[in-house]
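Where a number appears in this text, it was derived from the coordinates with a stated rule and is not lab data. This structure is a prediction, so every number in the text was calculated from the model and none was measured. We place every Cβ from the backbone using ideal geometry, glycine too, and count neighbours over all the protein chains shown.
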Amino acid sequence: MRSAAKHFFATVAFLFVILWLADNSLAQGNNAISGFVFGLENKPVPSVTVELQDDLNRMISRTETNGAGRYNFSGLGRGRYNVKVFPIGTGYQEQLREVEITGIGMSGSGGAETVQQNFNLQLKPNSTAVANLKNNVVFAQDVPKEAQKIYEKAIDDLKDKKREAGIAELKQSLEIFPTYYLALERLAKEFIEQQDYKNALETANKCVGVNDKSYECWYVIGYSDYKFKNSEEAAQALEKAVLILPNSVNAYFLLGVNQRQIGKFEAAEASLLKAKKLTATPISDIHWHLALLYTNNLKKYKEAIQELELFLKAKPDFDETEKVQNLIQRLKEKLKDEQKSN
């Protein structure tokens with residue numbers, strides 16, 4: 001009897017380990033968290049430390065923002081993470097955001113998810129760097145004190161992850177002062193994070209009506225229109241975004257995707273190549289969309305092969321690697337046939 005019981009529990013334990021390993025393997029490797037760190041006037045803040053933490057605030061990895069203010073963490077599993085910015089020596093305050101990866105990604109990217117998390121840093125009070133930074137502000141408004149007080153409370157609540165209260169307070173500040181630029185911009189970004197693209201689009205349009213130099217709001221318009229499959233409108237908004245922030249990888253990437261969808265293939269190639277050039281580390285989505293463009297639209301098979309090979313390098317754990325390798329082989333055969341016929 002004891003021998004049978006021992007065997008039973010050993011079998012159960014073994015099956016539990018197998019199931020755990022299977023589930024854990026599904027959660028590994030293909031996801032990413034990336035974004036930009038901005039300061040005053042939505043200017044990128046380069047060379048600041050960004051730390052990725054687990055949900056217990058233990059460090060997983062560290063990186064630095066590039067010249068465009070961009071950071072990237074890749075090869076991540078599903079779950080909750082913290083991203084913390086340490087802007088040492090800049091006059092800005094540290095900032096922490098919670099990010100959740102669910103594993104639901106863009107179509108055509110192997111089911112991986114790239115979560116976009118941008119940071120808009122706030123100045124430290126009574127800092128010697130504050131006066132110099134504040135002198136650079138171009139857009140200014142005379143905001144009613146009551147509206148400003150409610151807005152500041154909203155920002156504090158959002159920092160404390162009281163999102164529902166923060167959004168309600170942003171709306172309240174806008175009831176007092178409907179053209180409150182900072183409130184409109186922040187509310188538009190909050191709607192995007194909630195995937196409420198209808199309200200994000202409406203709010204961001206009001207925002208650029210107040211200040212048409214807002215990169216954040218033009219990007220929100222472009223992203224929302226992209227989600228609504230309004231590719232023409234999305235491309236127009238994103239063209240304005242890249243004029244304001246020429247080093248924006250995300251804006252150039254999304255612009256290229258939308259230009260391809262409306263048949264502007266050469267423009268799409270230029271935008272996607274610009275996004276590729278601006279990245280400090282390879283981004284698989286950029287290589288994938290360039291490969292689609294070269295294969296299906298521009299018939300540049302040599303370039304398509306190169307981008308697919310780069311895609312596999314950037315995504316070594318891609319679960320359909322064999323299919324991509326087969327596609328590369330077929331494109332090589334097509335290229336040979338072309339060369340023979342010429």
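Of Asp225, Asp156, how do they rank once you tally other Cβ atoms within 10 Å and put the fewest first? Spell out each step's value before the answer.
Values: Asp225 23, Asp156 13.
The order, fewest Cβ neighbours first, is Asp156, Asp225.
My understanding is that a pair violates if its Cα-Cα distance is over 31 Å; which of Lys43/Lys159; Lys276/Lys332; Lys277/Lys334 do that in this structure?
Values: Lys43/Lys159 21 Å; Lys276/Lys332 23 Å; Lys277/Lys334 28 Å.
Long pairs (Cα-Cα over 31 Å): none in the table.
With θ set to phi - 60° and the Karplus curve 6.51 cos²θ - 1.76 cosθ + 1.60, what are the ³J(HN,Hα) couplings of region 285-294 in order, to the nearest whole Hz, using x for Gly and Pro?
In residue order, the calculated couplings are 4, 5, 4, 5, 6, 5, 4, 4, 4, 5 Hz.
If you average the sequence gap of Cα pairs under 8 Å that are 6 or more apart and divide by the length of region 135-244, what percent do you get for the contact order?
That works out to 17 percent.
Using the Karplus curve 6.51 cos²θ - 1.76 cosθ + 1.60 with θ = phi - 60°, work out ³J(HN,Hα) for each residue of region 232-247 in order, rounded to whole Hz, and write x for Gly and Pro.
Ordered by residue, 3J(HN,Hα) equals 4, 5, 4, 4, 4, 5, 6, 4, 5, 4, 6, 5, 6, 10, x, 9 Hz.
Is any residue of region 228-268 close enough, with backbone N under 13 Å, to a label point placed 7 angstrom from the Cα of Gln116 along the Cα-Cβ axis, and if so, which?
Counting only backbone N, you get 228, 234-235, 237-239, 241-242, 248-258.
Please give the net charge around Ala68, taking every other residue with its beta carbon less than 14 angstrom from that of Ala68, where Lys and Arg add +1 and Asp and Glu add -1.
Numbers: positive: Lys43, Arg70, Lys274, Lys276, Lys277; negative: Glu64.
Its environment carries a net charge of +4.
Enumerate the calculated ³J(HN,Hα) couplings along region 43-55 in order (Karplus 6.51 cos²θ - 1.76 cosθ + 1.60, θ = phi - 60°), each rounded to whole Hz, writing x wherever the residue is Gly or Pro.
7, x, 10, x, 6, 10, 7, 10, 10, 9, 10, 7, 6
Could you list, in their original order, any pairs among Lys161/Lys213; Lys198/Lys227; Lys274/Lys300; Lys302/Lys336; Lys198/Lys315 whose Cα atoms are separated by more than 21 Å? Can you show the working numbers first?
Working: Lys161/Lys213 28 Å; Lys198/Lys227 10 Å; Lys274/Lys300 18 Å; Lys302/Lys336 10 Å; Lys198/Lys315 33 Å.
Going by Cα-Cα distance, Lys161/Lys213; Lys198/Lys315 fall outside the 21 Å limit.
Given 0.36 nm per residue, what is the gain on full extension from Asp54 to Lys161 after removing their alpha carbon distance, in nm?
Working: separation 107, 0.36 × 107 = 38.52 nm, distance 1.67 nm.
Separation in residues times 0.36 nm, less the Cα-Cα distance, equals 36.9 nm.
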